[in-house]
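Let me begin by presenting the structure, written as structure tokens, before commenting on it.
The values are calculated or read from the model by the stated rules, or taken from the named source; none is laboratory data. Every value quoted in this text rests on a predicted model; they were computed, and no experiment measured them. Note: ideal-geometry Cβ built from the backbone for every residue, glycine included; neighbour counts use all protein chains shown. Note: areas computed on protein heavy atoms with side chains; ligands, DNA, RNA excluded. Shrake-Rupley method; radii C 1.70, N 1.55, O 1.52, S 1.80 Å.
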Amino acid sequence: MKGTYLGEFEELVLLTIAMLEDEGYGISVKQEVEKRTNRTINLSAIHSTLYRLEKKGFLNSRLGEATKVRGGKRKRIFFITPFGVKSLKEAKSLREEIWNSIPGYVLQQ
Amino acid sequence: MSYNNEMFKPPKFARWFLRRFCAERWLEEIEGDLEEEFMLNANEKGIGKARRVYFWTVLKSFRFYLLAEKFKSGHNKNKSVMFSNYLKITLRALMKNKVYSLINISGLAIGIAGALLIFHYVSYETSYEKFIKDSEDIYRVSLQLEQNGEQVYHSAENYPPAGPDMVNDFPEVIDWAHLYNMGSKNNVVITYEEGQGQPVKFKHRKFLYASASVLPLLSVEMISGDAEKALSEPFTIVISESTAKKYFGDEPAMGKRLRLRDDDFNNENCAVTGVFKDRPSNTHLKFDVLISTPTIYGRYDRAMERYKTGYVRKDFYTYIKVRPNTDIAALEAKFPAMLDKYMPQLKDRNAKHTFHLQPIEDIHLTSKLADEAEQNGNSEPITFLSIIAVFIVIIAWVNYINLATSRSLDRAREVGIRKVLGSLRGQLIRQFLFESVTVNFFAILLSFGIVALAMPSFYQISGIPEGVSIWSNQLMWILLSVIFVFGSLVSGFYPAIVLSSFKPVSTLKGKFRNSGSGVFLRKGLVIFQFATSAALIVGTLTVSKQMNYMQSADLGFDLEQTIVVERAAIADTTRGGRNRQITTFQEQLRKQAGVVAVASSGMVPGKKLRFQGDVRGYHQPQGEVHPMDITGGDYDLIETLGMKIIAGRNFSRDFPSDPDTSVLVTRSAVSLLGFENPEDIINKTVVLESFGDAGIVVGVVEDYNHESLRVKAAPSAFSLNPFWAEYFLIRVEEKSIPQALEAIEMEWNAVFPGNPFDYFFLDEFYNYQYRSEQQFESMFSIFSVLAIIIGCLGLFGLSAFTAMQKTKEIGVRKVLGASVKGVFYMLSREFMILILVANIIAWPIIYFVMNSWLQGFEYRTSLDPLVFGIALVIVLMVALITISFQTIKSAKQNPVEALRYE
């Protein structure tokens, strides 16, 4: 379905948001993804992905509190929507289905 | 760690930039995230790295979705709200009445496009020589010869020492250069013999012998070789880049040898010492090949005097450079003394020479001397076309004003409401000005399209080389911005004032009518438009009438079906051998089927004669001489050219003494030589003073126009010289031209082996003289049509609105029994009267203008009253057709509909 397709990076970000519960915002997502994938990611990429996911309906958001480190600016906290959860599950089951249909000997190579 | 430290803040510029493009709704969180990351980085990796990351991240954040969101969101400053509102209203007004908008914009666009094209042409024609450094201080020295107080000759060429002597004698003259023009007179073939395979040979016209100073003085751009020295040694040759390519392909040209041979038996082997960038096309002196003048100093015993030191032969284009701000009149006043010093013998011969200085920049448009390097342009069309361009643009603006004010009825209510809601007059004026800016802007965009479409045919018509692009013409862009700004203001201001002046109460009551003064102005503008159109039609018709006249005039000789072949550059090196070749070639041709007549000749009509000499009747006192064109041809010349013998006889092989003694003269020479009737001069002796020769007149031929009909047919004398043979004239039967050409080429190759075969048709060659007139004619007619189209577009819109305004009146009239015809008449009458008045105003003006244009031709048609009538009828017809679209529609309308309207 057009518009709801999850890209690899998008899936990563979506999963991270789900994992971070109430703490998912630009910086925390960036750090988490960087830590787990061991690659450097530019903050702008995280932002554009977050906004895109929100537009597609996978994410919801609200403005959080402001801190001194942020120059008095509020952060936007993201949550996963039920639709987002459903898409993640679908993506996972799709993979598992394919995994299960791979003949065993292929995986033993 | 202190947060107050300036260094501990993110880069200011990046932050500023982010705020510019980032949409409001995301700005806070993005800035916050960035700052948080900055702090983290600053602590972990150091401040510099943190700043760099910040900067980089901002740059990478510059993405479309942020920017688009920014534009979508309405969080803008007040000014831009007003602006976008103006834009919205303007676009709505344009969309509301699409026909009107289309007329308005396309009318303006056509006008602007026309003006731009004309301007491009004018700026190209006036750009001649401007690329030369210090061109305003460079002059060509022309030579005027007078005999017995009568002008004999005014030549673009001069004596070889004129330039150097001026530099020596006058401190204000700081440099000189001269060129010996042989390529356009003699047949020159240049051959590259040392390459592999066949020798590469080409016939060269754009070839001159040049003094070493030519390259720097005329700003010749060298690719290789030294401009100062390349032409200082004998047997050196400098060629253009494209010529080098023709001869040597991609091999380096420097040091290669080229051999020049011409029909004067010159044979010079020169080394290439320089290659220059191809000359721009906007110069009167076009050359591909220059050979150093020292090359010719050793041609024969006294060549040094002939080509360098002596005031003997006058065939060098001479240019001088003067100190900036030199008083040219004062300098010219010193020349008579100089001529007395170097040519004291002139006084005894009752002759007078005058040097004139021609600013090099003016040569292309104003100089019409003998021996010009090329046929120069004309300043007349430039002036005419500039005026036309101005008028076309004004007509287009007038359209805008007319349509905008006539639509005021439409907009009156809007103005009323706006005023009621508190708009100030200034704001309304701004709004309507904004509309005119928008319309002008669209018009300019559209005009680009028109110009781009018209460009290919424009190149063809105007004769501008295709490489000269209009888009790279900087002046064009300046003009365009002037048109845009000026046009928007001028055409927008009046409607803006008018529209914004409406009283809200009267507009809202629905009692509003157009003011009397507005109608008056509109009528005035329509008259202006159609006066211009009528004038242009009269102009076009007159120009084309003159062109027809010139092309169908009896020239005294016959142009048709005549093929001209120039004599061979490489011929037998002995006189006798060459003469035999000339005879054989002609005899062989006479045997060909389809060839009617063959003659060799020293002249070809359409090309200025090389010789002008003084002639007197034997009985006339010595010293009383008359300048005449003198040329030679063989027995068959008169017949081949179809000239008429009006007294006596033609040269004939039956009279063995003819080659030595006989002369033919033209009718106008008869009275000059002191005889009343052509018959009286037969068998009388005339003296050809300049040649130190005498002859017996055996016949008189009718005057013929050797040159364009701009000048009077010159009195001429023909001597019989079968071997002068600069040209072979071959008259062929019309239907057998292709076969004849084939046969001529075959004979050519047989008799003159090693010469490239080249030919031209006499009529094309002769009519080439009218090239600038032809260009003028086509440009004139095209732009008249444009002016009429624009005028009609305006008229169309205007008539539509008049008809709309009179809807109720028409309805009432029809109810009371008016016929369709009657209503049509009522609606058209007003416009017809306007057009009539416009014509009457235009007539005296255009009569005066075209009359003075015709004065430039020695042979001219008259200004026909019929032409004025035709112009009137055309304008009336076109206008009637234009308005009939509207008027018929309104006249046919069901009166019930009309009365329900409003």
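Key figures
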quantity	calculated
Close pairs (8 angstrom Cβ cut-off, 6 or more residues apart or separate chains): within 12 Å of B:Val565 (Cβ to Cβ) and open to solvent by less than 80 Å² (accessible area, probe 1.4 Å) in the range B:736-752, among the β-branched types (Val, Ile, Thr) and assigned to a helix (DSSP H, G or I) anywhere	B:Val751/B:Thr584
Considering residues of the range A:91-109 that are out of contact with any Asp or Glu (no Cβ under 8 Å at 6 or more places or on another chain) and among the aliphatic types (A, V, I, L, M) only, the residue farthest from A:Phe58 (Cα to Cα)	A:Val106
Which numbered condition A:Phe79 fails, given (1) within 14 Å of chain B (Cβ to nearest Cβ); (2) under 30 Å from B:Asn43 (Cβ atoms)	(1)
Filtered residues of the range A:50-59 (kept if within 11 Å of another protein chain (Cβ to nearest Cβ) and within 12 Å of A:Glu10 (Cα to Cα))	A:Leu50, A:Tyr51, A:Arg52, A:Glu54
Selected residue [over 11 Å from the mean Cα position of the chain (by Cα), more than 16 Å from B:Glu37 (Cβ to Cβ) and away from every other protein chain (no Cβ under 14 Å)] from A:Leu107, A:Leu20	A:Leu107
Near pairs, Cβ below 6 angstrom, 6+ apart or cross-chain, from the range B:810-822 (within 18 Å of B:Ser799 (Cβ to Cβ)) to any residue that is basic (Lys, Arg)	B:Val820/B:Lys892
Single condition B:Val53 does not satisfy, out of (1) of a type in the set (A, V, I, L, M); (2) farther than 23 Å from A:Arg74 by Cα; (3) modelled with pLDDT of 85 or more	(2)
Every residue from the range A:37-59 that is within 20 Å of B:Glu36 (Cβ to Cβ) and without any contact (Cβ under 8 Å) to a residue 24 or more places away in the chain	A:Thr40, A:Ile41, A:Asn42, A:Leu43, A:Ser44, A:His47, A:Ser48, A:Tyr51
Residue ID - nearest to the other protein chains (Cβ to nearest Cβ), chosen from residues in the range A:40-49 that are open to solvent by 20 Å² or more (accessible area, probe 1.4 Å) and assigned to a loop (DSSP other than H, G, I, E, B)	A:Asn42
Segments classed as helices (runs of 4 or more DSSP H), wholly inside the range B:329-417, with at least 3 members that are modelled with pLDDT of 85 or more, in the same structural domain as B:Ser447 (by TED's automatic domain parsing) and more than 30 Å from B:Tyr768 (Cβ to Cβ)	B:379-406
Filter result for B:Val837 (over 29 Å from B:Leu541 (Cβ atoms) and either crowded, with 19+ Cβ neighbours inside 10 Å or touching a helix residue (DSSP H, G or I) at 6+ places or on another chain (Cβ under 6 Å) (or both))	no
In the range A:29-39, the residues that are facing chain B (nearest Cβ under 10 Å) and open to solvent by 20 Å² or more (accessible area, probe 1.4 Å)	A:Lys30, A:Gln31
Enumeration of residues in the range A:2-28 that are at pLDDT 85 or above, open to solvent by 20 Å² or more (accessible area, probe 1.4 Å) and of a type in the set (Phe, Trp, Tyr)	A:Phe9
Residue, surrounded by the most Cβ atoms within 10 Å (Cβ to Cβ), within the range A:60-84, restricted to residues that are touching a Ser or Thr at 6+ places or on another chain (Cβ under 9 Å) and of a type in the set (A, V, I, L, M, F, W, C)	A:Phe78
Matching residues in the range B:464-500 - criterion: being β-branched (Val, Ile, Thr) and under 17 Å from B:Leu525 (Cβ atoms)	B:Val490, B:Ile497, B:Val498
Selection status of B:Tyr825, modelled with pLDDT of 85 or more and open to solvent by less than 30 Å² (accessible area, probe 1.4 Å)	no
Failed criterion for B:Ser213 (all others in (1) surrounded by fewer than 16 Cβ atoms within 10 Å (Cβ to Cβ); (2) over 18 Å from B:Asn269 (Cβ atoms); (3) without any contact (Cβ under 8 Å) to a residue 40 or more places away in the chain hold)	(1)
Filtered residues of the range B:531-556 (kept if surrounded by fewer than 21 Cβ atoms within 10 Å (Cβ to Cβ) and not in a helix (DSSP H, G or I))	B:Ala553, B:Asp554, B:Gly556
Pairs where the first residue, in the range A:60-74, is more than 8 Å from every other protein chain (Cβ to nearest Cβ) and part of a strand (DSSP E or B) and the second is modelled with pLDDT under 80 and open to solvent by 90 Å² or more (accessible area, probe 1.4 Å), C-beta under 7 Å, 6+ apart	none
Qualifying position, being open to solvent by 20 Å² or more (accessible area, probe 1.4 Å) and in contact with a Phe, Trp or Tyr (Cβ under 9 Å, 6 or more places away or on another chain), among B:Ala404, B:Ala373	B:Ala373
Every residue from the range B:52-67 that is more than 8 Å from chain A (Cβ to nearest Cβ), over 15 Å from B:Lys9 (Cα atoms) and open to solvent by 70 Å² or more (accessible area, probe 1.4 Å)	B:Leu59, B:Phe62, B:Phe64
Among (1) at pLDDT 85 or above; (2) open to solvent by less than 10 Å² (accessible area, probe 1.4 Å) - the single one B:Gly811 does not satisfy	(1)
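This table checks each residue for (1) aromatic (Phe, Trp, Tyr); (2) in contact (Cβ under 8 Å) with a residue 12 or more places away in the chain.
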residue: B:Met455; (1), (2): no, yes
residue: B:Phe458; (1), (2): yes, yes
residue: B:Gly463; (1), (2): no, yes
residue: B:Glu466; (1), (2): no, no
residue: B:Gln474; (1), (2): no, no
residue: B:Val485; (1), (2): no, no
residue: B:Ser491; (1), (2): no, yes
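Per-residue answers, yes or no, for (1) under 24 Å from B:Leu369 (Cβ atoms); (2) touching a Cys at 6+ places or on another chain (Cβ under 7 Å); (3) touching a residue at least 60 places away in the same chain (Cβ under 8 Å); (4) open to solvent by 10 Å² or more (accessible area, probe 1.4 Å):
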site	(1), (2), (3), (4)
B:Phe655	no, no, no, yes
B:Val665	no, no, no, no
B:Asn677	no, no, no, yes
B:Tyr704	yes, no, yes, no
B:Ala713	yes, no, yes, yes
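Yes/no matrix, rows are residues, columns are (1) in contact with a Ser or Thr (Cβ under 9 Å, 6 or more places away or on another chain); (2) buried (at least 21 other Cβ atoms within 10 Å of the Cβ); (3) within 9 Å of chain A (Cβ to nearest Cβ):
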| position | (1), (2), (3) |
| --- | --- |
| B:Arg15 | no, no, no |
| B:Phe21 | yes, no, no |
| B:Glu28 | no, no, yes |
| B:Gly32 | yes, yes, yes |
| B:Glu35 | no, yes, yes |
| B:Asn41 | no, no, no |
| B:Lys45 | no, no, no |
| B:Ala50 | no, yes, no |
